[in-house]
1. With N set to the number of residues, divide the alpha-carbon radius of gyration of the range 120-194 by 2.2 N^0.38 Å and report two decimals.
2. What dipole magnitude, in Debye to the nearest 20, does the range 56-194 give about its Cα centre under +1 on Lys/Arg Cβ and -1 on Asp/Glu Cβ?
3. Could you give the alpha-carbon Rg of the range 99-149 over 2.2 N^0.38 Å, rounded to two decimals?
4. For the range 66-194, what is the accessible area per residue in Å², given a 1.4 Å probe and the full set of protein chains?
5. So, by mean Cβ neighbours within 10 angstrom, what's the order for 132-140, 112-120 with the highest one leading?
6. Give Lys119/Lys175; Lys55/Lys175; Lys55/Lys144; Lys55/Lys119 a once-over and call out the pairs whose C-alpha atoms are over 26 Å from each other.
7. So what's the convex hull volume per residue for the Cα atoms of the range 38-194, in Å³?
8. Using a basic spin-label model with each label point 7 Å from the Cα along Cα→Cβ, how many nm lie between Ala63 and Tyr110?
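The values are calculated or read from the model by the stated rules, or taken from the named source; none is laboratory data. All of these numbers come straight from a predicted model, not from anything done at the bench. Cβ atoms come from the backbone with ideal geometry, glycine included; neighbour counts cover every protein chain shown. Each accessible area value is taken on the protein alone, full model and side chains, heavy atoms only, with ligands, DNA and RNA left out. Shrake-Rupley method; radii C 1.70, N 1.55, O 1.52, S 1.80 Å.
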Amino acid sequence: MAAAILMAFAMIGGSSEAFGQTGQTLPALQTLIASQPIAAVVKALTPAPVQAAAKPSIDQLVAQYSAGATLDEQQQCLATAVYFESMGEPLQGQLAVARVVINRAASGQYPTSWCGVVKQKAQFSFVRGGRFPHIDAACDAWRKAQAITRIAIANAGDILPTDVLWYHADYVAPKWRNNLVRVEKIGAHIFYRA
């Protein structure tokens, strides 16, 4: 029986050094087997599970995604929404704003492009007549908005579920929220699903 356990131990990647010097493995196993129930022996011989690598923080993701390919027109619209809607908000809140735009475009309830969602009449207060205000392309907030856009597109960060389509600032109380389920508050924004 000790030989069978030793073979199983070797198959699961166990080290003979766990029981002393090489060459003493079988006697050490026999002693362990004789002194303990088989379940305890198996538990003692099973290697510890490998810990999953820690997920990068949102700050680390922003640093990683700050440099990258130039954003195309649709991605620029998404970054513009992040910039104007959530500049100054926590990075997680900026990512949530990007997710809402992406979710809307995929929902079938809104235009199917990110630019269409952002420029839709009466949806985003910074849009005037389908046009965006000037962006200070040299500022840190724009660099972060672009990084957040890349993170959202890559689905690299913890983001809201795909059915979250609405949000508003916490200093307003629109009536439309009464028919929705509050999901989360991040920074100054409250996010909802149907």
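1. 1.28
2. On the way: 14 positive and 11 negative charges, 105 e Å.
The dipole of the range 56-194 has a size of about 500 debye.
3. 1.25
4. So the range 66-194 comes to 51 Å² accessible per residue, rounded to a whole number.
5. Going by the mean number of other Cβ atoms within 10 Å, highest first, we get 112-120, 132-140.
6. Details: Lys119/Lys175 22 Å; Lys55/Lys175 38 Å; Lys55/Lys144 19 Å; Lys55/Lys119 34 Å.
From the list (Lys119/Lys175; Lys55/Lys175; Lys55/Lys144; Lys55/Lys119), the Cα-Cα distance tops 26 Å for Lys55/Lys175; Lys55/Lys119.
7. Cα convex hull per residue, to the nearest whole number: 166 Å³.
8. In this crude spin-label approximation the distance works out to 3.2 nm.
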